[in-house]
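Okay, so here's the structure we're looking at.
The values are calculated or read from the model by the stated rules, or taken from the named source; none is laboratory data. Only a predicted model underlies this, so the values are computations on that prediction, with no experimental measurement involved. Ideal geometry is used to build each Cβ from the backbone, glycine not excepted, and the neighbour counts take in all protein chains shown.
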Amino acid sequence: MRELIALLRAAGLDPSAAELADALWLAGRTARAEAAGEPPGTPGTPEGGPPPEEPPQEPEPPREQAPVREEAAPEDPVSLYAPRARRAAGPEADTGTPLGGGVPVRVPGAAALPRVLEVQRALRALQRHRPGAPPTRTVLDEQATAEASARALGLVIPVFRPEARREATVRLVMDASPSMAVWQDMFEELRAVCERLGAFRDVRVSYLHRLADGRAVLARGPAAGAGERSGDQLRDPTGRALTMVVSDCAGPVWREGEAQRLLYRWAECAPCVVVQPLPQRLWGRSWLPTERGGLCRVEGGGGKLAFSPDRPRRPGRAADRSTQSAGGRAGGGGDGLVVPVLPPSAIALGAWARLVAGLGTGPVPAEVGRVFADHPAAPLPPPPAARPPRELVRRFRSSAAPRAVQLAVYLSAAPLTLPVMRLVQRTMLPDSEPSDLAEVLLSGLLRRTGEPGWYEFVPGVREVLLGPLGRDEAALVLKHSSEYVLAHFGRGVRNFPALAVTRLTGTPVAEAGVRTDVPAGAPGEGETPEQMPEGPVPQAFARVSAQVVRRYLPEPPPPDRESAHPPAAPARDWAVRTARARLADGDERALYEAVTVLRRAVTVPAGPADPPGEAECELAGALLRLWAVRRETDLLAEAERTARAAPGPPGRLALGRVLHERALAAAGEPDAALLAAAEREFAAVGSDPAAGRELRLEGAVRRAESLILLSGLRDDTGALREARDTLEALAGQDAGVRLALGRVLLALAAHAPDPAEREELAALAARRLEAALTAAPEEPGSEAGSEARRRIRVELATALSYLPGRLEEAAAQLARALTEPTGDPELRVAALVCLARVHRARYARDADPAALEEAAEAYGRARRLIPRDGDAYGELLPEWGDVLLERARAADGRPFASTAVRVLRESRAAVPRSDPRSARRLLRLAEGLRLRHAYEGDLVDLREAEHLLDLAVRQGRGPLERARGWREHGDVQREIHRHTGAAERLDRAADSYRRAWRAAMEADEEGCGVACGDAGAAVRLGAVVQGLRGEVLEALARPRAAVAAYRSALDLWNRAGAPPPAALSARLRALETEL
């Protein structure tokens, strides 16, 4: 009895004598009733009396234990481990992960940016920021419109006022140096804050990379090579952009001065700030050292700040720059700029935001970094000296912040992976900052392992740190981390992968490799211990209830307890059925659960009843769906490995789908080699007699999709015609085949050089697409079905746009597609671009300028849906500019000339000079400037056009393109001559026409006209420029040279098979008579 009371009190219970007597009485009755197989109080047992004596019975043989599939009680602990790859046991092997039996789960991670809501509230002041440049948007002023219309005696005179709200954009730049990988989550959270702020018209994200030659470039992602572009593209002369650079300023790009020089060019025009995650006392050791002073706002500076240092600058340095603009030019005559350097805290960011927005004048204490246009590089630092563990810890304790020291001690009792370290920091030191974790990472106590995202202590350091950490305090790390995970499990916060280890895998304990050598009667006998590898025990970072984990983990069906035989471990057929049920739910969590189940299933050998490769194909398909949601390249790599492991036609079909997605995921245009590989896989499935009918049909349809993309890249219609023949033979069997046939015919129509053949193919494609649209089911609640119907409508309208008699029908189809709300902005852009082309075709048919205005409006709507750094943005601008240019040439086109020049100027800036499309865009911009000069008479437009044409002929990729540039150049020289009367301009015009003639003859010899679909284009151009050259030579009083040019032009017209202009023949006869 004393032992029982002691145990109860140790468990936190202190029962009274009456409560203890009641518990003993109830336990005795319950135990006897269960042993007899009768509930308490059954007939034959006097109520409240002693139980009757029972004859002794033979003990029952122990029942065979089932493979541990019973439901775990809510109190069963589940240990969570950070997953890592297998490796040999070493000094830090105790922080590893169990080698088998773990179930992948998603564990809520702590925020990398502490007190996110406070940061968001602090930056809310930027909603009041107004750039210094005039607003580009206007809104209707109702009051002024009403007054102006009343004074105009009934005429409606709209009055617009500038709209400055949300005129600014923010550009977030993340340093992609290796040391900044730990701050990627903080950068993503800062981006989310800016997107939710409602203060910016656009939030653009870039990553700063260092190339092998030392140049600093920007890319779209943390991996190099994804859309690399010059950093000068972020230079905004209008001052509408705020630039926030997140960096520790410790990478090679900062040591070599490239980042500082780039930052200087950005800060010349618009406000810039560096968000420094390191502790403030370490900023002086970075490659952007800071100085302290006061910041105040410059009145009328568009958000620029002036800086006054607390200390005068040391003598012997640059000229006196005691007052310089922060994010603007130096006020003291030097070429240096100062850029604010802020910690990622709400106080610092809020003070800067208020100054930039004009809500305060300052001065505000701040730290700034000084950058120069020719910022010098710094020498390489000496390598750190090796020190014993105790000295490393002693130096760290003497120089680090107290919270950083305490955090290092707590981390000695946790696995050293970044999400876990952040979780320990947030639970054990909730008031700490990201700089405290940064100080631990840079202390020299830790070093990176060979596994991504993992760290380890320098040998001997963990033992020194664990010295002052008692057992109870070490247990608090596990306790508080577990409470945080339990409170946030399954919520919409940032998650990271982990392994849950307990009886959740459905595998027998002995089979799973758990220790079974526990002696009988030893503690733990009869329990089901967690699976542990041989060697040192791995280190869990949290423990939660099994019921919580099961709530967010897919579970096999419950076993049949009445069955005589225990159920086997979950097989592949159950995994496939469960995954398909999860995929039918449609949400992201169900998708992840399906992938989790299938990943476990493919590790089990297939049974005799399992279809070969079924689980692998299902996993590859689920990974592709997950890729569409998350866009993580690792998912595509895993899907390809899984598909290659699947045998037979289903495996080849899955592999083709993965290769097709990989081709589309390539930076820029799709990868032609991957598309060709996918097409070969689909063709093999479609022609394999061993494949079923459904597989062959799907292979044919997917092959057609790959060939359509390949035809756009290679300009080859042979494979498309082969796909047409194959699909026409199968078109009567499936609606999807008919739709694919319509798309193939549409692609053939786009490549047909003959107008009659194009119209014939377009009519056939329209007929097939109309049938597919009719057969497509209308499901009001299905977003995917509605999206498919809208896509077919856009394709049908594209086919009808080739048929002049059905353009109104095409516009009606697009109007229906645009009136329906769509979740795919790319489809809406495609519909608007198609609508613009339909209106252009209407103008070609009816010569109605209103059609061009409607086309320009559709292009403008599409442009607002495309981000400026998107590839589609650069493709849309030339078409939009051509439409505006064509409208400016038509009747009453003067108001459209300046708009055309603006759009064509953006089109030129959207591609670098090295791009093959640059020369043609320069030509079109020069043409727009000449047209505006014809309306406005401004000589500046002609001189700019002359400069652009000089660039165009130097950047031209072929002789025919250069010939057109020289011809335009000669025309501009003649127009300038009409203004100035200088004979030198006529000499330049004659030389330009001579160069154009030579380039045209070179193009004719190389067959450039045949390549562009017009064999006589080069010869006709040569004839035209020779005639123009003759006119110029005649104006220069050089009749013999003019006669030679006219005769050359006449010969070229005869060679081209076209009649020469009558004026040319008349001038030639007149000059020959005079001579």
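Here is a list: Ala836, Ala771. Which entry is out of contact with any Phe, Trp or Tyr (no Cβ under 6 Å at 6 or more places or on another chain), of a type outside the set (Phe, Trp, Tyr) and either part of a helix (DSSP H, G or I) or modelled with pLDDT of 90 or more (or both)?
Criteria check complete, one pass: Ala771.
Out of Val193, Val173, one residue alone is surrounded by 15 or more Cβ atoms within 10 Å (Cβ to Cβ), over 16 Å from Val253 (Cα atoms), modelled with pLDDT of 80 or more and in the same structural domain as Pro271 (by TED's automatic domain parsing). It is Val193.
Sub-7 Å Cβ pairs linking a first residue in segment 935-959 that is of a type in the set (Ser, Thr, Tyr) to a second residue that is surrounded by 14 or more Cβ atoms within 10 Å (Cβ to Cβ), at least 6 apart or interchain, are Tyr935/Ala897, ordered by first then second residue.
Residues in segment 659-676 that are aliphatic (A, V, I, L, M) and either surrounded by 19 or more Cβ atoms within 10 Å (Cβ to Cβ) or closer than 17 Å to Cys617 by Cα (or both): how many? Before you say what the answer is, go through the steps one by one.
Looking only at segment 659-676, we keep the residues that are aliphatic (A, V, I, L, M), and these are 659, 663-667, 672-676.
Filter again for either surrounded by 19 or more Cβ atoms within 10 Å (Cβ to Cβ) or closer than 17 Å to Cys617 by Cα (or both), leaving 659, 663, 674-675.
Matching residues across segment 659-676 total 4.
Take the conditions of a type outside the set (Lys, Arg), touching a Pro at 6+ places or on another chain (Cβ under 7 Å) and either surrounded by fewer than 16 Cβ atoms within 10 Å (Cβ to Cβ) or modelled with pLDDT of 90 or more (or both) and apply them to Glu1074. Does it pass? Give the steps one after another, and end with the answer.
Working: of a type outside the set (Lys, Arg): yes; touching a Pro at 6+ places or on another chain (Cβ under 7 Å): yes; either surrounded by fewer than 16 Cβ atoms within 10 Å (Cβ to Cβ) or modelled with pLDDT of 90 or more (or both): yes.
Yes: the conditions hold for Glu1074.
Of the helices (runs of 4 or more DSSP H) lying entirely inside segment 846-934, those containing at least 1 residues that are surrounded by 21 or more Cβ atoms within 10 Å (Cβ to Cβ), among the basic types (Lys, Arg) and at pLDDT 90 or above are 871-889. Of the residues making up segment 345-362, those that are out of contact with any helix residue (DSSP H, G or I) (no Cβ under 6 Å at 6 or more places or on another chain) and either closer than 21 Å to Gln260 by Cβ or modelled with pLDDT of 80 or more (or both) number 7.
Please count how many residues of segment 1018-1067 are outside any loop (DSSP other than H, G, I, E, B) and closer than 17 Å to Arg994 by Cα.
Narrowing segment 1018-1067 to residues outside any loop (DSSP other than H, G, I, E, B): 1018-1035, 1039-1056, 1062-1067.
Next cut, closer than 17 Å to Arg994 by Cα only: 1018-1035, 1039-1053.
Number satisfying all stated conditions: 33.
Among the numbered conditions (1) more than 30 Å from Leu931 (Cα to Cα); (2) at pLDDT 90 or above; (3) among the aliphatic types (A, V, I, L, M), the only one that Ala817 does not meet is (2).
In segment 182-220, how many residues are β-branched (Val, Ile, Thr) and in contact (Cβ under 8 Å) with a residue 60 or more places away in the chain?
Here is the first cut: in segment 182-220, the residues β-branched (Val, Ile, Thr) are 182, 193, 203, 205, 217.
Right, trim to in contact (Cβ under 8 Å) with a residue 60 or more places away in the chain and you get 182, 193.
Count: 2.
Kindly check whether there is at least one residue in segment 255-275 that is buried (at least 24 other Cβ atoms within 10 Å of the Cβ), within 23 Å of Glu439 (Cα to Cα) and over 24 Å from the mean Cα position of the chain (by Cα). Scanning segment 255-275 turns up no residue that is buried (at least 24 other Cβ atoms within 10 Å of the Cβ), within 23 Å of Glu439 (Cα to Cα) and over 24 Å from the mean Cα position of the chain (by Cα). Within segment 971-982, identify whether any single residue is under 24 Å from Leu949 (Cβ atoms), under 50 Å from the mean Cα position of the chain (by Cα) and either at pLDDT below 90 or not in a helix (DSSP H, G or I) (or both), and answer yes or no. For segment 971-982, residues under 24 Å from Leu949 (Cβ atoms), under 50 Å from the mean Cα position of the chain (by Cα) and either at pLDDT below 90 or not in a helix (DSSP H, G or I) (or both): absent. Scanning segment 394-419 for residues that are over 17 Å from Val458 (Cβ atoms) and at pLDDT 80 or above, we see that the one that is surrounded by the most Cβ atoms within 10 Å (Cβ to Cβ) is Tyr410. Here is the figure for segment 935-958: residues that are assigned to a helix (DSSP H, G or I) and within 39 Å of the chain's Cα centre (by Cα) total 11. Does at least one position in segment 584-604 carry a residue that is closer than 20 Å to Ala678 by Cβ, in a helix (DSSP H, G or I) and out of contact with any Phe, Trp or Tyr (no Cβ under 6 Å at 6 or more places or on another chain)? No, there is no match, as no residue in segment 584-604 is closer than 20 Å to Ala678 by Cβ, in a helix (DSSP H, G or I) and out of contact with any Phe, Trp or Tyr (no Cβ under 6 Å at 6 or more places or on another chain).
Every test in (1) farther than 26 Å from Gly358 by Cα; (2) surrounded by 19 or more Cβ atoms within 10 Å (Cβ to Cβ); (3) without any contact (Cβ under 8 Å) to a residue 40 or more places away in the chain is passed by Asp232 save one, and that test is (2). Checking the structure you have, find out if any residue of segment 930-947 is in contact with a Pro (Cβ under 8 Å, 6 or more places away or on another chain) and of a type in the set (D, E, K, R). Looking through segment 930-947, none of the residues is in contact with a Pro (Cβ under 8 Å, 6 or more places away or on another chain) and of a type in the set (D, E, K, R).
Within segment 354-365, is there a residue that is in the same structural domain as Ser286 (by TED's automatic domain parsing) and assigned to a strand (DSSP E or B)? So that I can check it myself, show each step before the final result.
Here is the first cut: in segment 354-365, the ones in the same structural domain as Ser286 (by TED's automatic domain parsing) are 354-365.
Subset that is assigned to a strand (DSSP E or B): 364-365.
The answer is yes, given that some residue of segment 354-365 is in the same structural domain as Ser286 (by TED's automatic domain parsing) and assigned to a strand (DSSP E or B).
Is segment 621-639 home to any residue that is in the same structural domain as Val597 (by TED's automatic domain parsing), out of contact with any helix residue (DSSP H, G or I) (no Cβ under 7 Å at 6 or more places or on another chain), among the basic types (Lys, Arg) and free of Cβ contacts under 8 Å to residues at least 40 places away in the same chain? There is at least one residue in segment 621-639 that is in the same structural domain as Val597 (by TED's automatic domain parsing), out of contact with any helix residue (DSSP H, G or I) (no Cβ under 7 Å at 6 or more places or on another chain), among the basic types (Lys, Arg) and free of Cβ contacts under 8 Å to residues at least 40 places away in the same chain.
Scanning segment 187-202 for residues that are among the aromatic types (Phe, Trp, Tyr) and more than 13 Å from Arg124 (Cα to Cα) gives a single hit, Phe187. Just one of the listed residues (Arg998, Arg1020, Arg1040, Arg985) is at pLDDT 90 or above, out of contact with any Gly (no Cβ under 7 Å at 6 or more places or on another chain), within 29 Å of Gly937 (Cα to Cα) and not β-branched (Val, Ile, Thr), and it is Arg985. Test Ala963 against the criterion of being of a type outside the set (Val, Ile, Thr), assigned to a helix (DSSP H, G or I), without any contact (Cβ under 8 Å) to a residue 40 or more places away in the chain and crowded, with 24+ Cβ neighbours inside 10 Å, and give yes or no. The answer is no for Ala963.
Matching residues to (1) within 19 Å of Val182 (Cα to Cα); (2) touching a Lys or Arg at 6+ places or on another chain (Cβ under 6 Å); (3) assigned to a loop (DSSP other than H, G, I, E, B); (4) touching a residue at least 24 places away in the same chain (Cβ under 8 Å):
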| position | (1), (2), (3), (4) |
| --- | --- |
| Arg426 | yes, no, no, yes |
| Asp436 | yes, yes, no, yes |
| Arg447 | yes, no, no, no |
| Glu463 | no, no, no, yes |
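If Leu208 passes every condition in (1) assigned to a strand (DSSP E or B); (2) of a type in the set (A, V, I, L, M); (3) not assigned by TED's automatic domain parsing to the domain that holds Pro252 but one, which one does it miss? With respect to (1) assigned to a strand (DSSP E or B); (2) of a type in the set (A, V, I, L, M); (3) not assigned by TED's automatic domain parsing to the domain that holds Pro252, Leu208 is out only on (3).
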